[in-house]
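Q: Got a structure here, written out as structure tokens. Questions coming.
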Amino acid sequence: MLEVRTRILHVLANVGGDCALMLQHEVNRDKVIAWDRNKFLQFIIPFKEANAEIVIDELLPRILELAETSPDRKIKVAAGELLHAITLLMIGKSAEFVRDPTKEDIPKSPFHKIYTKVFPVILRLAVDVDKVTRNLFRTLTFQLVHWLTKNQKYENPETMAMLSTCLDAATSSDGPIRDFGAECSAEFLKYSIKHSAVGQLPKKRKITFQKIVPLLPTQWVLKAIRLYKTFREDSDLVNNFTFEILYNLLCSLRSSADDNPALGTSRTCQEAIGNFAKIIDVKHVLFLKSTKERRYFPGLESADLSSLVEWLFMESGKNESEYAHQCMELFFRFTIKITRPKQWLEEKLNETPKLLIKIYEPFKNSFKDTDAVHPIRSKLWLNQLCTALDGYTFLLEGDMISPASILSNGSMLLQSIGTFIHIYGTSFKEDYIKDMAPQENRQLDQQRAITIVKIFLFLEDILLRSGGGEINVPQRIVTLWNSEFFQLVAYAVFKPILLGFRADSQIVQDNLRMRMKGLLVALKNCLSQGDCKVLARNIANLCFEDSESPVLDWTQEINEMVVLIDSFRGLLLLLEAGMLEIVVSAKGFVGGYDEYISRYTNMVLQLKDLKEPMLVMAVGSVLELLLRDPKARWHTFATFLDLPTKGPDSYFGAEKLLKTFESNIIPFVYQYWDEVSEILTLHISSPIVGNILVQLFDHLLVNKVNYKDTLLDFMGKVGK
């Protein structure tokens, strides 16, 4: 047996080559299988007496491996330089093969198969961590792109190998390679256009985009913006591919609906969509009629602008909110190039009266309490409801439809809103979420809060566009005015955190505050007297603990101050909406509204020692409320100016109040300077007046950049 083994080793040794790999336990196929059966990669070194022929084909795989993965930097750099030289050698030899551009047959490059192995390595080396290697191959890559795009043959094998390599890199999961691949793809397109002969059919450009367009719904869309400047200058590409590229970009936006916002996928998709939509905007005359060359996409009846507008309107009812909203914006943007959006929609509704219900209300009002505990069913139903609310709100704000048209033709939207308020409103049961994972619970809270805001926005638009007043409000919407709805409004004003809103997000608080102010004003103007009292009573019951005392209690623990701050922000919101006095009257305070406000004035001005930050924030909220109330601001300010006259301790207390709440008092002073100046004149003997004036000018000088217009306006008032 030993003799047989020995003889086998002798045979393998005599054969040579890679036969020794047969003795390994596991064999890497890439190392065993030859890249090409023929050995074209030869280099002749001329000597005095003979020429030495060196065949590099068998050495090339090992050279690539060392250039890419060698731990020894000297070997890595040397292998990289050798690979650079070999690549130039192949390019030079390829240039020797003369191709007649008049012939239809395409002779294959002798190095085509080797290029498919070498080009990917070159692109990876172009983003290598080693600076020498990176600079060497980054320059080489662009040189290869510039050279290979000069081929005039349709689908030249060498050129297609480079293009495929760039596109594969552009869809890679590796960030640096993906970015560089996208950059090379853009460069490839740019030089394909640049090297096209005058009057020649742009086959090379078309084949480039035919390979690029299917990749747009993938990660490569993140770099589609780089093609925009090159693409828009070529009229043939614009005419042929704009619709298809826009479709693929929209598909990419739709598929990114569940992506983490931190990735920025959605934002970048929208930027790319905006760029290509601008092309349609500027060159809309080109797209008014269909052409044979223009490429279709699924769902498009005809390759013209009118069909694109109709497709976008139908897509505006999809569940993915950002995708649907983008389709709405594009619909309005492109429709005005054809006709008035309102006229277009009226014609479609005359043809199909239930078109809006078909698009925005595919759901049925069969959602029950038991479905709320099912994450998938609840998410789907909430997404459908949000899409319907978004779509109708968009049509209302665009003045394309009347409120009566939305609520007619068998629409189930109001019933669905009532179902949502009943299940997900203030009576939302903890049993619904006890079996949910924490992440599912957070997602449900977020979706719940978003839906509440969209309902409020929709109702506000309905009320505002009904003409105002109780008589003009559609009768179907009056069915929503019940205790559940009014209680939901009250919680959104005073305790939004219990409805799923994030307490730590200032953006959420500001947006909710703005939305609630508009809704409260609309409700105040459109509700009947009885319904307005019910709303005020629900708000008062949540805001006040009893008929005599306000919620505020300075002896409470600091951890309860957050609730108090939210309560006073709610009171300020009621004041801005003109409903604070109505709410106070609904609760029946002894002494009425004036007595209620004076309690806060005395409470704030008597405080001297404010050390806790949360207490300072709470007092600041109360002071802002007092200074914004037309009935309380002058009494509060005059009382504050009179404090120093009551003794040295009162002066230091007033000075400390001024310093602590400068951000509340000083803006009030320059905003109402005409009235404030008269009060300051009457109290000129008060020592605190000088402090107010000094801090006023210091504040304006420090913030002169941010408050430039305010400063100019104030100086104009002072000059008078």
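The values are calculated or read from the model by the stated rules, or taken from the named source; none is laboratory data. Since this is a predicted model, take the numbers as computed values, not measurements. Backbone-built Cβ (ideal geometry, glycine too); neighbour counts: all protein chains shown. We work out accessible area using only protein heavy atoms, side chains counted, and drop any ligands, DNA or RNA first. Shrake-Rupley method; radii C 1.70, N 1.55, O 1.52, S 1.80 Å.
Q: Can you pull out the residues in region 320-349 that are within 28 Å of Leu380 (Cα to Cα) and open to solvent by 80 Å² or more (accessible area, probe 1.4 Å)?
A: Answer for region 320-349, where residues must be within 28 Å of Leu380 (Cα to Cα) and open to solvent by 80 Å² or more (accessible area, probe 1.4 Å): Glu322, His325, Glu329.
Q: Which ones in region 73-87 are surrounded by fewer than 18 Cβ atoms within 10 Å (Cβ to Cβ) and either under 45 Å from the mean Cα position of the chain (by Cα) or among the basic types (Lys, Arg) (or both)?
A: Arg73, Lys74, Val77, Glu81
Q: Which of (1) of a type in the set (Phe, Trp, Tyr); (2) buried (at least 22 other Cβ atoms within 10 Å of the Cβ); (3) at pLDDT 90 or above does Phe142 not meet, given it meets every other one?
A: With (1) of a type in the set (Phe, Trp, Tyr); (2) buried (at least 22 other Cβ atoms within 10 Å of the Cβ); (3) at pLDDT 90 or above applied to Phe142, the lone miss is (2).
Q: Determine, yes or no, whether Met400 is open to solvent by less than 60 Å² (accessible area, probe 1.4 Å), in contact with a Pro (Cβ under 8 Å, 6 or more places away or on another chain) and either within 24 Å of Arg537 (Cα to Cα) or modelled with pLDDT of 85 or more (or both). Steps first, please.
A: Numbers: open to solvent by less than 60 Å² (accessible area, probe 1.4 Å): yes; in contact with a Pro (Cβ under 8 Å, 6 or more places away or on another chain): yes; either within 24 Å of Arg537 (Cα to Cα) or modelled with pLDDT of 85 or more (or both): yes.
It is true that Met400 is open to solvent by less than 60 Å² (accessible area, probe 1.4 Å), in contact with a Pro (Cβ under 8 Å, 6 or more places away or on another chain) and either within 24 Å of Arg537 (Cα to Cα) or modelled with pLDDT of 85 or more (or both).
Q: Inspect all residues belonging to region 320-332 and state whether any of them is at pLDDT 90 or above, touching a helix residue (DSSP H, G or I) at 6+ places or on another chain (Cβ under 7 Å) and among the polar types (S, T, N, Q).
A: For region 320-332, residues at pLDDT 90 or above, touching a helix residue (DSSP H, G or I) at 6+ places or on another chain (Cβ under 7 Å) and among the polar types (S, T, N, Q): present.
Q: Can you tell me which residues in region 319-342 are more than 16 Å from Thr242 (Cβ to Cβ) and touching a His at 6+ places or on another chain (Cβ under 9 Å)?
A: Of everything in region 319-342, just one residue is more than 16 Å from Thr242 (Cβ to Cβ) and touching a His at 6+ places or on another chain (Cβ under 9 Å), namely Ile338.
Q: Looking only at region 346-355, decide whether some residue is at pLDDT 90 or above and under 27 Å from the mean Cα position of the chain (by Cα).
A: No, region 346-355 has no match at all.
Q: Moving on. Exactly one of these conditions fails for Asp128: (1) open to solvent by 10 Å² or more (accessible area, probe 1.4 Å); (2) at pLDDT 90 or above; (3) in a helix (DSSP H, G or I); (4) over 23 Å from Lys190 (Cα atoms). Give me its number.
A: Going through the list (1) open to solvent by 10 Å² or more (accessible area, probe 1.4 Å); (2) at pLDDT 90 or above; (3) in a helix (DSSP H, G or I); (4) over 23 Å from Lys190 (Cα atoms), Asp128 breaks only (3).
Q: Sticking with this structure for a sec: Considering only region 353-363, state which residues are open to solvent by 70 Å² or more (accessible area, probe 1.4 Å) and part of a helix (DSSP H, G or I). Spell out how you get there, then give the answer.
A: Step one: filter region 353-363 for residues open to solvent by 70 Å² or more (accessible area, probe 1.4 Å), giving 353-354, 358, 362.
Within region 353-363, Lys358 is the sole residue that qualifies.
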